[in-house]
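A quick write-up on the structure given underneath.
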Amino acid sequence: MIRPHNTTVIICAAGMGTRLGIGTTKALVDIDGIPLILRQLELLKDYDDIRIVVGFQAERIINVVKDYRKDIMFVFNYEYETTGVANSLRRGLLGAREYILSIEGDILINPDDFSVLAEYDGECLAVTSITSAEPIKASVDTNVVRRLDRSNGNMQWPGIVKIGIEKLKGNSSHVYDVLNECLPLPMIQIRAREIDTPEDYENALDWFENGQVD
């Protein structure tokens, strides 16, 4: 069974967020007066091993998080300008527990749906309806994710996975390529919004204000 006591949470928040174009890391975008990273941490109160991988504007993220919660570990990706999320994720794996709950730092998640995912006993991938301007698509069939791809798929992968640590040690530069080696996996459908572009951000704010329902 996958439970908080045998799970390490890794939030990948090292990137520069250049497509968003507002000069700040996506982890600190304002969601109704609260930074996105704190919206995520509000969902993780049951977890005691949480690592945030930082790079761009690392000091700002660390200061915001420390004011909210003192027991978070920070992992540095000093090569954040030239590497992707997979590199950040691998940096967070050192000394981690048996299972990993990996969350990208640009995801706003419906709390009720996150609880369903967290309580699921086994490995799984989160999927959503396709809402982002530039999604990673998931090919889903009979509640199972068969493949992740930028071009083809009937749902969106929002960058959330719960999986055994040994399955995340591939060398690909993209997390979805690492995960393709592990598929098929059960899917948990959630309501969430990924914030990559200005359009995504405006949509996420509207979605939040309307109760985070689709």
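Quick grid of which residues meet (1) of a type in the set (Gly, Ala, Ser); (2) not in a strand (DSSP E or B):
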{"position": "Ala138", "(1), (2)": "yes, no"}
{"position": "Gln156", "(1), (2)": "no, no"}
{"position": "Gly170", "(1), (2)": "yes, yes"}
{"position": "Pro186", "(1), (2)": "no, no"}
{"position": "Asp196", "(1), (2)": "no, yes"}
{"position": "Leu205", "(1), (2)": "no, yes"}
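Asp141 falls short on exactly one of the conditions (1) more than 23 Å from Val9 (Cα to Cα); (2) in contact (Cβ under 8 Å) with a residue 40 or more places away in the chain, and that condition is (2). Counting only residues that are surrounded by fewer than 20 Cβ atoms within 10 Å (Cβ to Cβ) and in a strand (DSSP E or B), segment 1-30 holds 1 of them.
Residues are listed down the side, and each one gets a yes or a no for (1) aliphatic (A, V, I, L, M); (2) out of contact with any Lys or Arg (no Cβ under 7 Å at 6 or more places or on another chain); (3) in contact (Cβ under 8 Å) with a residue 12 or more places away in the chain; (4) assigned to a loop (DSSP other than H, G, I, E, B):
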position	(1), (2), (3), (4)
Val75	yes, no, yes, no
Asn87	no, yes, yes, no
Arg91	no, yes, yes, no
Asp112	no, yes, no, no
Val116	yes, yes, yes, no
Leu125	yes, yes, yes, no
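Summed over segment 142-177, residues that are among the basic types (Lys, Arg) and exposed (fewer than 15 other Cβ atoms within 10 Å of the Cβ) total 2. Residues in segment 151-174 that are closer than 23 Å to Glu81 by Cβ and either among the aromatic types (Phe, Trp, Tyr) or at pLDDT 95 or above (or both): Gly159 alone.
For segment 58-105, filtered to residues that are touching a Ser or Thr at 6+ places or on another chain (Cβ under 8 Å), of a type in the set (Gly, Ala, Ser) and surrounded by fewer than 22 Cβ atoms within 10 Å (Cβ to Cβ), the residue that is farthest from Gly33 (Cα to Cα) is Ala96.
Thr142 passes every criterion in (1) within 23 Å of Met1 (Cα to Cα); (2) touching a strand residue (DSSP E or B) at 6+ places or on another chain (Cβ under 6 Å); (3) β-branched (Val, Ile, Thr) apart from (2). Summed over segment 178-207, the residues that are within 24 Å of Thr25 (Cβ to Cβ) and surrounded by fewer than 16 Cβ atoms within 10 Å (Cβ to Cβ) give a count of 4. Within segment 32-57, the set of residues being crowded, with 19+ Cβ neighbours inside 10 Å and among the β-branched types (Val, Ile, Thr) comprises Ile37, Ile50, Ile52, Val53, Val54.
Residues checked against (1) farther than 23 Å from Tyr201 by Cβ; (2) under 16 Å from the mean Cα position of the chain (by Cα):
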{"site": "Leu20", "(1), (2)": "no, no"}
{"site": "Thr25", "(1), (2)": "no, yes"}
{"site": "Pro35", "(1), (2)": "no, yes"}
{"site": "Glu42", "(1), (2)": "no, yes"}
{"site": "Phe76", "(1), (2)": "yes, no"}
{"site": "Tyr80", "(1), (2)": "no, no"}
{"site": "Ala86", "(1), (2)": "yes, yes"}
{"site": "Ala96", "(1), (2)": "yes, no"}
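The values are calculated or read from the model by the stated rules, or taken from the named source; none is laboratory data. Just so you know, these numbers come straight off a predicted model, no measurement behind them. When we count neighbours, we look across all protein chains shown, and the Cβ atoms used for this are built from the backbone with ideal geometry, even at glycine.
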